1. Can you name the number of the only condition in (1) touching a residue at least 12 places away in the same chain (Cβ under 8 Å); (2) loosely packed, with under 15 Cβ neighbours inside 10 Å that Thr129 fails?
2. From Arg176, Arg242, Arg216, grab the single residue that is closer than 30 Å to Asn407 by Cβ, modelled with pLDDT of 95 or more and either outside the structural domain of Leu321 (by TED's automatic domain parsing) or of a type in the set (Phe, Trp, Tyr) (or both).
3. Based on this model, can you work out whether Lys252 counts as basic (Lys, Arg), in a helix (DSSP H, G or I), touching a helix residue (DSSP H, G or I) at 6+ places or on another chain (Cβ under 7 Å) and surrounded by 15 or more Cβ atoms within 10 Å (Cβ to Cβ)?
4. Can you name every residue in region 60-82 that is at pLDDT 95 or above and surrounded by 12 or more Cβ atoms within 10 Å (Cβ to Cβ)?
5. Here is a check on your reading of the model: is Gln290 buried (at least 21 other Cβ atoms within 10 Å of the Cβ), modelled with pLDDT of 95 or more and out of contact with any helix residue (DSSP H, G or I) (no Cβ under 7 Å at 6 or more places or on another chain)?
6. Please find, among Val404, Val348, Val389, the residue that is free of Cβ contacts under 8 Å to residues at least 60 places away in the same chain and in contact with a His (Cβ under 8 Å, 6 or more places away or on another chain).
7. Which members of region 299-324 meet the condition of being outside any loop (DSSP other than H, G, I, E, B) and in contact with a strand residue (DSSP E or B) (Cβ under 9 Å, 6 or more places away or on another chain)?
8. Answer yes or no: is there a residue in region 453-475 that is under 43 Å from the mean Cα position of the chain (by Cα), assigned to a helix (DSSP H, G or I) and at pLDDT below 90.
Amino acid sequence: MYRTRSTQLTCLAILSSLTLITPAAYPVDLTIPPSTDEHGTLNNQPVGLDGLSLPPDYALELDDIQIENFDLWDRIRKGFAIPDLNNPLVATHTTWYSARPDYIQRISQRGSRYLFHVVQELEKRQMPTEIALLPFIESAFNPQAFSSAKAAGMWQFIPSTGRDYNLKQNAFRDERRDVLASTNAALTYLQRLYGMFGDWQLALAAYNWGEGSVSRAIAKAEAAGRPTDFNSLSAYMPSETRNYYPKLQAVKNIIASPAQFGIKLPTVENQPYFVSIKKTRDIDVKLAAQLAELPMEEFKALNPQFNRPVITGSPNTQILLPQSNAEKFKENLSNWTKALSSWTAHKVTVARERIESIAARFKTTPEVIREANAIPPNMHPKAGSTVLVPKPPTAPDKDIGQEVADNAMLAVEPDEPPRKKITIKVGKRDTVDTIAKRYKVKVAEIKHWNELKNDKLTPGQSLKLEIRQPKKGKGKAKAEKTEKPADKRRPAHGESEHKRTQR
C-alpha cells in the first residue's frame, strides 16, 4: 500500500495523465484532486464525476489499480454466454452482413444511443449480452419502426403483447417505442421464455414465433424421438423463425471479430449516452427540444414514444436527453416565463362531429387539427375519441389530466358525402324501424332529427330525414363489378406469432 501523502499524490498525478489518453472502464474522473480531512490527512475514499464519494463497488486501491482500454463493444463481447450455433444459414447470413459494411456501420451508429442502457440492464439481470444485438434483427435499432403486423418499437411488440407487459398505448404515447419501458418489457419477456425452455436459442425462437409454437415443436420432436435443440427443431419452424437466430448469430460473429470480416465498427463509449428527466407538467415537444438545445430529429430518436406534439406530464413521465443537453434544458426551463404547452384535449361526444366544427370551436383550422392528430384527409374522429386542440387563451396554464391522457383513444372513419334533407309523411303501417330500413338510416338518427322520445308514430305525421346521396357512377360501377373468389391463403410463414395477433 502507498503510505505517504507525497507518494499518493504522485501516483494520482500519474493516473490523472493516463485518463487523458485512456478511458476508464467506468465514468470515474481520476483528475479530481484527492480530498483531505481537517487535519490534512488524505482520504482514501474515491470520488466520481460529481465530486461525491463512490459506492464501495468502485473502491480503488492505488497499488493494485488496473486501467482497461475498452469500449462498449468489448464489454458486450465479454458478456457473450449463449453457445454458438453452426449451420448453413448462419454462414449465409454472416456472408450477407459482412458484404454490407455500410449497413453495419449505419445500424451500429444508430444503436449507439441505446446500447449502453441495454447492456447495463442485461448485466443487472445476469443475462447474455448477445441479446443487446437483437434489435439489429428486429428493428435495425429504429425505435420508431412499425411493421405491417402492427409491431412497434426497437423490440417490435405487437399491441397485445405490449399490453401483457404493461406498455401503455393511448392517443398520446405508445410505450412500445419508449426506450426504457420497451427494453424492460423485452428483457422480462425473454427471461420468462428462458425459464420455460432453459435454452436461450429456443427462448429467442419463441420471442419470434411464440412460446406455444415452440412448445408444440418440442412435443412433435420428442414424439418422433428427435433431439429438441434449435437445429433439430428448425425442421418444424416457419422460414422466418428458422432464420431468426442464425441472423443474430451472424451479427454476433461480426461483432466478435470485425477485422476478420473487414468491418470497422464505430466507437461506442462505455458510458451512458443519455440521462432521464422527470416531467410533471405538460410541455410541447418542439419547446422541449428547443430548451434542450437539441435538434428535433435527435430529441425524437431518444423520445419516440410521444404520439402528439405535446408531452403530457405525470409523476411517471420521463424524457431522455444527453447529459450536457439535460443541463441546458434545466437551465433554460428555469428561465422560461411563457406557457409550456399550447395544446389541450377535446373529447368527441357527438356522433360524426366534423373536424371543421371542432376547428371553428377552438378558433383554428381543420389542417391544424388533422396534423396534430395524424388524421388523414377524408376521415373524421369517431365518437369517444380524444383529439388534441389548441389551448384556449382563458386556460393557458391548465394541463391535460393524467386520467384523460392515460385513457385517450383516437379512432377514425371515412367522411360521408353530404346528406340531403327531406320531409316524409308517416304511412298507416310505418314504424321507425321500417322507415330507417327504407331510407338506409339509423333509428337513433330518426329520433334525434325529430326529437322523438320513443318509437311511437302517428299516420300522417311529418318526419325530417337526412338521407345519403348516391355517389356519381356508383350504379355503373356496381354493374361492372365482378365477383372474386375469397382469398383463402394462410398467413405467410414469415409472419411471426410475436408480431401478429396470438392464435
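1. Tallying (1) touching a residue at least 12 places away in the same chain (Cβ under 8 Å); (2) loosely packed, with under 15 Cβ neighbours inside 10 Å, Thr129 fails exactly one: (2).
2. On the way: Arg242 fails: closer than 30 Å to Asn407 by Cβ; Arg216 fails: closer than 30 Å to Asn407 by Cβ.
From the options Arg176, Arg242, Arg216, the qualifying one is Arg176.
3. Numbers: basic (Lys, Arg): yes; in a helix (DSSP H, G or I): yes; touching a helix residue (DSSP H, G or I) at 6+ places or on another chain (Cβ under 7 Å): yes; surrounded by 15 or more Cβ atoms within 10 Å (Cβ to Cβ): yes.
Yes.
4. If we filter region 60-82 for residues that are at pLDDT 95 or above, which is where we start, we get 72-82.
If the condition is that a residue be at pLDDT 95 or above and surrounded by 12 or more Cβ atoms within 10 Å (Cβ to Cβ), then Leu72, Trp73, Asp74, Arg75, Ile76, Arg77, Gly79, Phe80, Ala81, Ile82 are the ones that fit.
5. Numbers: buried (at least 21 other Cβ atoms within 10 Å of the Cβ): no; modelled with pLDDT of 95 or more: yes; out of contact with any helix residue (DSSP H, G or I) (no Cβ under 7 Å at 6 or more places or on another chain): yes.
No; evaluated as a whole, the condition is false for this residue.
6. Details: Val404 fails: in contact with a His (Cβ under 8 Å, 6 or more places away or on another chain); Val348 fails: in contact with a His (Cβ under 8 Å, 6 or more places away or on another chain).
That would be Val389, the only listed residue that is free of Cβ contacts under 8 Å to residues at least 60 places away in the same chain and in contact with a His (Cβ under 8 Å, 6 or more places away or on another chain).
7. Of region 299-324, the ones outside any loop (DSSP other than H, G, I, E, B) are 299-302, 306, 310-311, 318-321, 323-324.
Result: Phe299, Lys300, Leu302, Phe306, Val310, Ile311, Gln318, Ile319, Leu320, Leu321, Gln323.
8. The answer is yes; a qualifying residue exists.
The values are calculated or read from the model by the stated rules, or taken from the named source; none is laboratory data. Predicted model only: the values in this text are computed from it and were never measured. Note that each Cβ is placed from the backbone with ideal geometry, even for glycine, and that neighbours are counted across all protein chains shown.
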